[in-house]
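Encoded as structure tokens, the structure appears first; notes follow it.
The values are calculated or read from the model by the stated rules, or taken from the named source; none is laboratory data. Here the structure is a predicted model, which is why all the values come from computation and not from measurement. Note that each Cβ is placed from the backbone with ideal geometry, even for glycine, and that neighbours are counted across all protein chains shown. Surface accessibility is based on the protein's heavy atoms, side chains included, excluding ligands, DNA and RNA. Shrake-Rupley method; radii C 1.70, N 1.55, O 1.52, S 1.80 Å.
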Amino acid sequence: GYNHPVLNQAASEQLAQMAHVMFGGLTHRTAAELAARLIDITPEGLDRVFLCDSGSVSVEVAIKMAVQYWHATGKSEKQKLVTIRRGYHGDTSGAMAVCDPETGMHHLFTSILPQHFFAEAPTCRDDTEWDDQDIASLERLLNQHHHQIAALILEPIVQGAGGMRVYAPLYLRRARELCDRYKVLMIADEIATGFGRTGTLFACEQAGISPDILCLGKALTGGYLTLAAVLTGSQISQVISGNPPGALMHGPTFMANPLACAIACASIDLLLTSPWQQRIEAMQQMFTDQLLPCRNWSGISDVRIKGGIAVLELDHPVNMQAITRRFVDKGVWVRPFGRLVYLMPPYVIEKADLEHLVCAMKETVAEEIGHS
Ligand SMILES: *Cc1c(COP(=O)(O)O)cnc(C)c1O
């Protein structure tokens, strides 16, 4: 996935024209082109785009958008967020405050963070039976506190760095219904799941829902430069812009950096013209054939597979240094955390390389847990 000639060319052509201009009061072609592409490919109803610096910042912007929207409609008391446990939304303060309080890596900072509402993490998956109890905790919180809650923020279908968990699309659909019923905006953080990773271009598609606000990042520039996007609908955007102070109160210096926008446009075009669906399907098939049987190993507590994501959960935390060494000795770079060893390979990985990677994962984990 590195050093792609098309992305290199997009960067150097843009560099020859203009590396950056402050986006305040001005616009530029690459930003407009990127916004048009994002509106085109994301779920229905999202037709306004805010470009910012990183995934964490996009989460800050999404939160500010939600709070400012309710403020503009005369509901200034809606300042809290509700989220689900085991989530990860980034490393800046506002984002840290909605990460899982235990697995979110931020317990050091608890006392400086705003306090929000945490619902139990979903447990139903698409390979298990749906149980209404799964969403009861979220419903209870919304029922009791909706007058103070601006938005629900969650990662659709796959929770990433907070635990690499997969949950049922029906949970997401029910959450959407609850947001509508209790007049709470839904923020979907697709920074990790966006651009095909779970098998659909966006994970929300698997539940057939549109969020009110969508955060994108990570794969947006094909790994070249830092850039993120927040999308919302024209109704929310008009309420924010049509009421004092008259604009969304966020304006980073490097907003909509033209180099990053040019690369993002080229990267999206490459993705859409590639057989990305077949590639993800092939990856999922290989994971299922090779890794799913590890479910029966003693020492493995769970195997989770979704699109281009494979997770082996061990029943004890791995020795990071030792396991990394073992991986490197087999010629692969895998970065486990806690009890989780996981893969999210580039879509362009060759079959032989993927086989090598998956075998290395199986062998290394077998050594780690003493499986023979
Ligand atoms: C990585 C990630 C973020 C933070 O993005 P950065 O670009 O690292 O700031 C937020 N949410 C999710 C779901 C992520 O995976």
(message) One residue is enough: does the range 164-171 have a residue meeting the conditions open to solvent by less than 20 Å² (accessible area, probe 1.4 Å), in contact (Cβ under 8 Å) with a residue 40 or more places away in the chain, within 19 Å of Met65 (Cα to Cα) and within 15 Å of the ligand (Cβ to nearest atom)?
(response) no
(request) Output the residues belonging to the range 217-234 that are out of contact with any helix residue (DSSP H, G or I) (no Cβ under 7 Å at 6 or more places or on another chain) and under 15 Å from Val49 (Cβ atoms). (result) Gly233, Ser234
(request) Select from the range 165-184 the residues that are of a type in the set (A, V, I, L, M) and within 15 Å of Gln206 (Cα to Cα) and list them in ascending order. (result) Val166, Ala168, Leu170, Leu172, Ala175
(message) One residue is enough: does the range 106-129 have a residue meeting the conditions in contact with an Asp or Glu (Cβ under 9 Å, 6 or more places away or on another chain), within 13 Å of the ligand (Cβ to nearest atom) and more than 26 Å from Gly307 (Cα to Cα)?
(response) yes
(request) Find the residue count for the range 102-122, including only residues that are more than 16 Å from Ile149 (Cβ to Cβ), part of a loop (DSSP other than H, G, I, E, B) and not acidic (Asp, Glu). (result) 7
(request) Could you grab the pairs with beta carbons closer than 6 Å, sequence gap of 6+ or different chains, first residue in the range 290-314 and without any contact (Cβ under 8 Å) to a residue 12 or more places away in the chain, second one β-branched (Val, Ile, Thr)? (result) Arg295/Val303
(message) Take Ile209 and tell me if it is within 12 Å of the ligand (Cβ to nearest atom) and within 22 Å of Ala136 (Cβ to Cβ).
(response) no
(message) Just to be sure I understand the filter: pairs with C-beta atoms under 7 Å, separated by 6 or more residues or on different chains, first member in the range 118-143 and closer than 20 Å to Arg181 by Cβ, second member part of a helix (DSSP H, G or I) and hydrophobic (A, V, I, L, M, F, W, C). Which pairs pass?
(response) Ala119/Leu138; Ala119/Leu141; Trp130/Leu170; Ile135/Ala175; Leu138/Ala175; Leu138/Leu178; Glu139/Leu178; Leu142/Leu178
(request) Provide a single number: the residues in the range 44-101 that are polar (S, T, N, Q), within 16 Å of the ligand (Cβ to nearest atom), open to solvent by less than 50 Å² (accessible area, probe 1.4 Å) and outside any loop (DSSP other than H, G, I, E, B). (result) 3
(request) Identify, by number, the condition in (1) crowded, with 20+ Cβ neighbours inside 10 Å; (2) more than 16 Å from the ligand (Cβ to nearest atom); (3) not in a helix (DSSP H, G or I) that Arg176 doesn't meet. (result) (3)
(request) For Glu281, indicate whether it is charged (D, E, K, R) and touching a Lys or Arg at 6+ places or on another chain (Cβ under 7 Å). (result) no
(message) Among the numbered criteria (1) within 18 Å of the chain's Cα centre (by Cα); (2) in a helix (DSSP H, G or I), which one does His145 miss?
(response) (1)
(message) For the range 318-338, which positions are open to solvent by 70 Å² or more (accessible area, probe 1.4 Å) and farther than 12 Å from Ala161 by Cα?
(response) Asn319, Met320, Gln321, Arg325, Arg326, Asp329, Trp333
